[in-house]
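The values are calculated or read from the model by the stated rules, or taken from the named source; none is laboratory data. What you see is a predicted model, and the numbers here were worked out from it, not measured in a lab. All Cβ positions, even for glycine, are placed from backbone atoms using ideal geometry, and neighbour counts span all protein chains on display.
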Amino acid sequence: MPVHSDRTTALDPRRWIAAAFVLVAVAMDILDTTIVIIALPDMEKDLGTGSAALQWITASYTLTFALTLITAGRVGDRFGRRKATRIGITGFIIASAICALAPTVEVLIVGRVLQAMAGSLILTQALSVFQVEFSAEERPKVLGMFGAVLGSAAVLGPILGGFLVAADLAGLGWRTIFWINVPIGVITLFGVSRYLRESRSSRPAALDPAGLALLTVALLMLLFPLVQGRELGWPWWSIALIVAAIPLLLVFVRSQIRLERRGEVPLVLPRLWLDRSFVGGLGIVLAFLAAFMSMFFVLNYYLQVGLGFSPLDSGFALVPSAVATVVFSLLSTPLVRRFGPWVLTAGSVAGAVGLLTLIVTVHSGGADLKALWIAPAMVIVGTGMGLVTAPVIDVVLARVSPDDAGSASGVLNTVEQLGAAVGVATVGTVFFGTAGSAARPEDQQMLADALGVALWVNIALMLVSAGLSLLLPRKARVTVEKEVPA
């Protein structure tokens, strides 16, 4: 099969069929970021694990995803996007089987790490394939389909997870949420192998393994004490790791500067940090995603363990937020064109208001709380999510040089996943630290109090996001999108 570079202009007549299979692979990948949250209480019972392990089951996926996104994109550019996509799908199938068969929580976490590494290959190649294989006129349509798939997967994740766990197919319980990836993965692997042509960049950037290793170690030194410190009684070395991570991050920054001076492409372009819009946007993404994803984590745990909700009922309770996210993601584009960064401010404030409404609802409902009662709060939170995460990249990249847009977009996507990982680790530690050993229905009030404390941390993060949005230039997007010759 001939290999096409980014300078190739001929369009593949089978590109729409190929895109369909790639989108199914993307949906499989995105589903696993949310579907697992619903199954956490069942995993805790079945594997006999503790709260720290539950945090790692979630955070290990998002953290690994964050750390490998940029590198995964470069792998496809250098060695071939079709090859990278096939490797990603194959790896995701194998990793899902490891998760499904996991006899211990340690094996499950390893499987989740492998899932995230494979998933980052799938997601990054999808965006590159759509950019290369479709014309400027076709691209908005296929990217719109891509956005719809992301939104739909977010909506279906809690519902599908709740249904599969409740159905207990063949007595497999929570393991079915991973087994379902095997047949889907095999089908998409066949379709991608048959219909997607090979392509690669004519000028691929270097992989920068040293920079990736430095960043990975530094972030693990920050996250490991946050997740494990409480259970271990905060030993001296846990604080030492956090302190030691700071100079290691500085070493990473210096390594990126040296690479740029040598004319190479680092993981993070140092000159981007001189752009106020870009730095403020990173802060918004980090704070908002940390609040939003950790809210799902602690709320689901409270609903199932504190109130005795079934996985299916818990999944349906989270749906209003996901639906509102999709709706306001679609509405955010025209709003940003008119109001610019004020939309991000409004979204962050809406998120804080929604969380405050949730605190009041949980406190008022007590042990008799029903899923329908929290729907208004979930809608408000989801509205904020749609108004922030959908337009933030466009707003922030408006003043980034076109030559740096690809790198800046990759860093923003990475920070989105990093925010989710940091949020679950930090807010999860606050929640379980406040709840103590509460894990039975009779401990409902203790868990409710812990949820309230955790949600106040989330509100603070939302307000930080709102404050950072005020640092952005108060104008709408100023760049004009145009076709750049391949």
- Query: Taking the range 6-25 only, how many residues are modelled with pLDDT under 90 and either surrounded by 14 or more Cβ atoms within 10 Å (Cβ to Cβ) or closer than 19 Å to Ile93 by Cα (or both)?
  - Reply: 4
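In the set Arg78, Arg74, Arg112, which member is in the same structural domain as Phe21 (by TED's automatic domain parsing) and surrounded by fewer than 20 Cβ atoms within 10 Å (Cβ to Cβ)?
On the way: Arg74 fails: surrounded by fewer than 20 Cβ atoms within 10 Å (Cβ to Cβ); Arg112 fails: surrounded by fewer than 20 Cβ atoms within 10 Å (Cβ to Cβ).
Exactly one residue qualifies, and that residue is Arg78.
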- Message: Being touching a His at 6+ places or on another chain (Cβ under 9 Å) and small (Gly, Ala, Ser): is that true of Ser277 here?
- Response: no
- Query: Taking into account only those residues within the range 223-239 that are aliphatic (A, V, I, L, M) and either in contact with a strand residue (DSSP E or B) (Cβ under 7 Å, 6 or more places away or on another chain) or part of a helix (DSSP H, G or I) (or both), which is modelled with the lowest pLDDT?
  - Reply: Val227
- Message: Let me spell it out: the conditions are (1) in a loop (DSSP other than H, G, I, E, B); (2) buried (at least 24 other Cβ atoms within 10 Å of the Cβ), and Ser135 meets all of them except one. Which number is the exception?
- Response: (2)
- Message: Pairs please, first residue from the range 38-54 and in a loop (DSSP other than H, G, I, E, B), second anywhere and surrounded by fewer than 19 Cβ atoms within 10 Å (Cβ to Cβ), Cβ atoms under 7 Å, 6+ apart in sequence or on different chains.
- Response: Gly50/Glu231
- Residue check: is Thr216 touching a residue at least 12 places away in the same chain (Cβ under 8 Å) and in the same structural domain as Leu63 (by TED's automatic domain parsing)? no
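Could you identify the single residue in Ile177, Ile159, Ile184 that is touching a residue at least 12 places away in the same chain (Cβ under 8 Å), assigned by TED's automatic domain parsing to the domain that holds Ser96 and farther than 26 Å from Leu418 by Cα?
Values: Ile177 fails: farther than 26 Å from Leu418 by Cα; Ile159 fails: farther than 26 Å from Leu418 by Cα.
Criteria check complete, one pass: Ile184.
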- Message: All but one of (1) out of contact with any helix residue (DSSP H, G or I) (no Cβ under 6 Å at 6 or more places or on another chain); (2) modelled with pLDDT under 70 hold for Val411; state the number of the condition that does not hold.
- Response: (2)
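Please work out if Val343 is buried (at least 17 other Cβ atoms within 10 Å of the Cβ) and either more than 15 Å from Leu289 (Cα to Cα) or among the β-branched types (Val, Ile, Thr) (or both). Even if it seems obvious, please write down each step before you answer.
Numbers: buried (at least 17 other Cβ atoms within 10 Å of the Cβ): yes; either more than 15 Å from Leu289 (Cα to Cα) or among the β-branched types (Val, Ile, Thr) (or both): yes.
In short, yes.
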